[in-house]
C-alpha cells in the first residue's frame, strides 16, 4: 500500500502520461487484454460478414450474364442499380423529413422546455426507438397508407406539374413517400436523443456570455449551441441514415416496390430497396438466385460502409473549427 | 504502435475462419436428408401447400406416432432441386417436372432405373379480388382481366368492363392493379391463365415473377396483396380464393358464362385436362386446359413429386403411406377445411392411389 503510494507520484512525474502494462499489476494487464480483445472482435465480426457476402455472392458477381438471365434475376448491374437507387432515395427522403424535426425536438428538450416536461419527453422519445420495425410496418400499411391517400391525390392534382408529384397516384397509398414517413418516424428517436446529448454539453459559459451580451434565446442557440454541436449533429444524422438504409421489415410490408429508376413519389411504381428485395425473394430463391441476392447484400454493405466513412471524414474535418475548443 | 500487427493477424484469422466456416456449411447441407432415419420423412417444396401440409402432417402424425414428417415450404424450385439432389424424399411443386427434367437415373434418392412420378395433391382456385365502392358483383372476361393487369385498362368505367357489367354503377375511378412482389406459383398460374385465354393482350409467358413491363402495384405475399386491395380504393388483385376474406371476387366469363372461383368449378379443371403425353401411365402430370366449358380457369394445381422406386425401400413405404393420406378423401377434406383448397374428384383420388400402389 505504502509502496504504491510513494511510487506513483515519482513514476507519473518521470514517465509519459500513458504507461505501458505494469508487471506488478496483473489486473491492469488483464483489463488491457480484454479491451483489446473486444476491439479486435468487432474487426473479426465485420471481416466474417464481409467474407460471407463475398464468398456466397461471388458466383453471381462473376457469372456469365446469359446464365444469370436464365437461372438468376438477370444481368447483375442493371438488376441491382434500381434497388440501390431505391435504398438511397428512401433513406434520403426519410432524413429530409426527420432531421429538422429531430433537431427541433432536441433543442426544445435541452434549452426550451421546463425541466419537469423535458425529462418525460426524453423518455418518450427513447421509447419510440424500442418499437419493433414490424409494428411500424403494420401501422404504415394498415393505417398510414390509406390515410395518406387524400393528401396524395391533392398533391397530384395541384402540384402535378412538379415531376416529384407527377404520374398516376397509387390507389393504396403504399408509395415511397409513405415509406419515407415511416422510416423518418423510425430514425427520429436515434437522431433526437444523440442531438439532445450534444446540445446539453454545449459550454454553459458560452451560453451565458451570449445571453449577457444581449442575445435572445434563439441567437444564443445559434451562436453558442449549434456551432458547438455541429459534428455531433452530423454523426447523429449519419447513424440515422445507416438505420434507414438497412431497414427491412417496414419497407417490405408497406412499399409497392418495383424495379425502376424514378423520382415520382406518389405512384405504384416505386424503386424497391435492397433489403426489402432480399427479404421478399430469399424464401423462394435457390441456386444462383440465392447468390445474386447475397451479392445485393454485399452492395448494401458497401453503401453503408461508404456512408459511415464519409460521416467520419466530415466529423473529423469539422471538429477543428467547431467552436468547442 | 503495437496494436497494428495484432489487428492484421486478427483480420487474417477472420478471413481463414470465414473460408472454413463456409466449407463446413456446404458439406453439411449436402448431407442432410440422406442421413435421416427410416422413420423420418423429409419433404421440401411449394409454400402454396404450406397450410395444407401443416394440417396433413399433424393429422398423419397423430395416427402414426412413430413417424416424423418434416415439410419445409422453401418454394417449388427449392423443392424440385432438393428432390433431384436426393435431399428430400418427396417434393411439393406448383408445376410438374418438365420433360427434360424427367428421366430414369436423374434423381439421387431414386433407384438407378427409376423415373419420378408427378401426383396432383392440392388444387386451389385463384380469385380476382377487388375493392370498389358501390360494386358488389363484377364479371370480367379474360381479355379484360389481362388488360387491367397489363396496365392497358386504367379506369373502372372502361367500355370493356361496362360491356360485361351492364347493370353496375361503375365510377370514373383509376384502377390500381396489385400483384405479388415475391416469386410465387400463384403468379405463375395466374399469368399462365391470362396468356392462354387472352394471348393478344397478355403477351408475356407464364412466370413466377410478375412481368415488370406491365407495371402496377406490388405487395408482399398473399396477405400483402389482400391487405393492399382491402386498404385501397379502386383496387384489384389476385390471391388464393380462401384468403379473399370479405373482398368481392370477380366472376370470370368463359365461353359466355360467368364463373365464380368455387371449389367445384376449380377441381373440374383436372377432369377436363389431359395428362402430359409420352409419360408412364401412372404419371399424373397434367397440362392444364383452362378453356373448357364450366371450368374456372385460374387454378393452381400443386403436385407431390415422388420416385417410382426408392433406393431405400423403407423411405418408399413411408412416402406411399403419407402421400396416400394426402390424396385420400380424408386428407383432401382436411386440406379443404384448413386451407380452403378444392378437393380432388373421387375419380382422381383413385388414380393417385393406383399410381402410389406402384411406388416401391
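The values are calculated or read from the model by the stated rules, or taken from the named source; none is laboratory data. Note that the coordinates shown come from a computational prediction; the quantities given were computed from them, not determined experimentally. Every residue, glycine among them, receives a Cβ derived from its backbone with ideal geometry; neighbour counts consider all protein chains shown.
Per-structure values
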| item | result |
| --- | --- |
| Checking residue B:162 against (1) in contact (Cβ under 8 Å) with a residue 12 or more places away in the chain; (2) more than 14 Å from chain A (Cβ to nearest Cβ); (3) not in a loop (DSSP other than H, G, I, E, B), the condition it does not meet | (1) |
| Among (1) over 30 Å from residue A:189 (Cβ atoms); (2) modelled with pLDDT of 90 or more; (3) crowded, with 20+ Cβ neighbours inside 10 Å; (4) more than 12 Å from chain B (Cβ to nearest Cβ), the one test that residue A:57 misses | (4) |
| Some residue of the range A:83-105 being in a helix (DSSP H, G or I), closer than 22 Å to residue A:180 by Cα and within 14 Å of another protein chain (Cβ to nearest Cβ) | yes |
| Where residue B:346 falls short, out of the listed (1) within 20 Å of the chain's Cα centre (by Cα); (2) closer than 24 Å to residue B:274 by Cα | (1) |
| Output for the range B:204-219, where each listed residue is at the interface with another protein chain (Cβ under 7 Å from one of its Cβ atoms) and either under 19 Å from the mean Cα position of the chain (by Cα) or not in a helix (DSSP H, G or I) (or both) | B:215, B:216, B:217, B:218, B:219 |
| Meets criteria (within 14 Å of chain B (Cβ to nearest Cβ) and part of a loop (DSSP other than H, G, I, E, B)) for residue A:260 | yes |
| Count of residues meeting criterion [more than 7 Å from chain A (Cβ to nearest Cβ) and either buried (at least 24 other Cβ atoms within 10 Å of the Cβ) or touching a helix residue (DSSP H, G or I) at 6+ places or on another chain (Cβ under 7 Å) (or both)] in the range B:225-236 | 4 |
| Any hit, the range A:229-248, residues being within 14 Å of chain B (Cβ to nearest Cβ) and in contact with a strand residue (DSSP E or B) (Cβ under 7 Å, 6 or more places away or on another chain) | no |
| Qualifying positions in the range B:141-157 - away from chain A (no Cβ under 14 Å) and surrounded by 17 or more Cβ atoms within 10 Å (Cβ to Cβ) | B:141, B:142, B:143, B:144, B:145, B:146, B:147 |
| Residue in the range A:126-136 that is more than 14 Å from chain B (Cβ to nearest Cβ), in a helix (DSSP H, G or I) and more than 30 Å from residue B:227 (Cα to Cα) present | yes |
| Which numbered condition residue B:100 misses (of (1) surrounded by fewer than 16 Cβ atoms within 10 Å (Cβ to Cβ); (2) more than 14 Å from chain A (Cβ to nearest Cβ)) | (2) |
| Some residue of the range A:112-121 being over 20 Å from the mean Cα position of the chain (by Cα) and either crowded, with 19+ Cβ neighbours inside 10 Å or part of a loop (DSSP other than H, G, I, E, B) (or both) | yes |
| Residue in the range B:184-203 that is part of a loop (DSSP other than H, G, I, E, B), modelled with pLDDT under 90 and within 13 Å of the chain's Cα centre (by Cα) present | yes |
| Hits in the range B:225-272 - residues which are over 18 Å from the mean Cα position of the chain (by Cα) and in a loop (DSSP other than H, G, I, E, B) | B:232, B:233, B:234, B:245, B:246, B:247, B:255, B:256, B:260 |
| Qualifying positions in the range B:91-109 - outside any loop (DSSP other than H, G, I, E, B), in contact with a helix residue (DSSP H, G or I) (Cβ under 9 Å, 6 or more places away or on another chain) and touching a residue at least 24 places away in the same chain (Cβ under 8 Å) | B:91, B:92, B:93 |
| Scope the range B:70-94; condition within 14 Å of chain A (Cβ to nearest Cβ), surrounded by fewer than 24 Cβ atoms within 10 Å (Cβ to Cβ) and within 18 Å of residue A:283 (Cα to Cα); matching residues | B:72, B:73, B:74, B:77, B:81, B:87 |
| Residue match in the range B:58-69 (condition: surrounded by 15 or more Cβ atoms within 10 Å (Cβ to Cβ), more than 25 Å from residue B:126 (Cβ to Cβ), within 12 Å of another protein chain (Cβ to nearest Cβ) and touching a residue at least 24 places away in the same chain (Cβ under 8 Å)) | no |
| Qualifying positions in the range B:280-295 - surrounded by 14 or more Cβ atoms within 10 Å (Cβ to Cβ) and either outside any loop (DSSP other than H, G, I, E, B) or under 22 Å from the mean Cα position of the chain (by Cα) (or both) | B:282, B:283, B:284, B:285, B:286, B:288, B:289, B:290, B:291, B:292, B:295 |
| Test: residue A:277 is surrounded by fewer than 22 Cβ atoms within 10 Å (Cβ to Cβ) and in contact (Cβ under 8 Å) with a residue 40 or more places away in the chain | no |
| The range B:252-278, residues that are under 18 Å from residue B:117 (Cα atoms) and touching a helix residue (DSSP H, G or I) at 6+ places or on another chain (Cβ under 8 Å) | B:270, B:276, B:278 |
| Flag for residue A:99 being within 15 Å of residue A:296 (Cα to Cα) and modelled with pLDDT of 90 or more | no |
| Evaluation of residue B:302 against (1) over 22 Å from residue B:143 (Cβ atoms); (2) part of a loop (DSSP other than H, G, I, E, B) (one fails), failing number | (2) |
| Test: residue B:134 is part of a loop (DSSP other than H, G, I, E, B) and within 14 Å of chain A (Cβ to nearest Cβ) | no |
| Qualifying residue in the range A:27-39 (condition: part of a helix (DSSP H, G or I), modelled with pLDDT of 90 or more, farther than 30 Å from residue A:296 by Cα and more than 14 Å from chain B (Cβ to nearest Cβ)) | yes |
| Helices (runs of 4 or more DSSP H) lying entirely in the range A:140-218 (those with 1 or more residues that are surrounded by 22 or more Cβ atoms within 10 Å (Cβ to Cβ) and in contact with a helix residue (DSSP H, G or I) (Cβ under 6 Å, 6 or more places away or on another chain)) | A:145-159, A:176-200 |
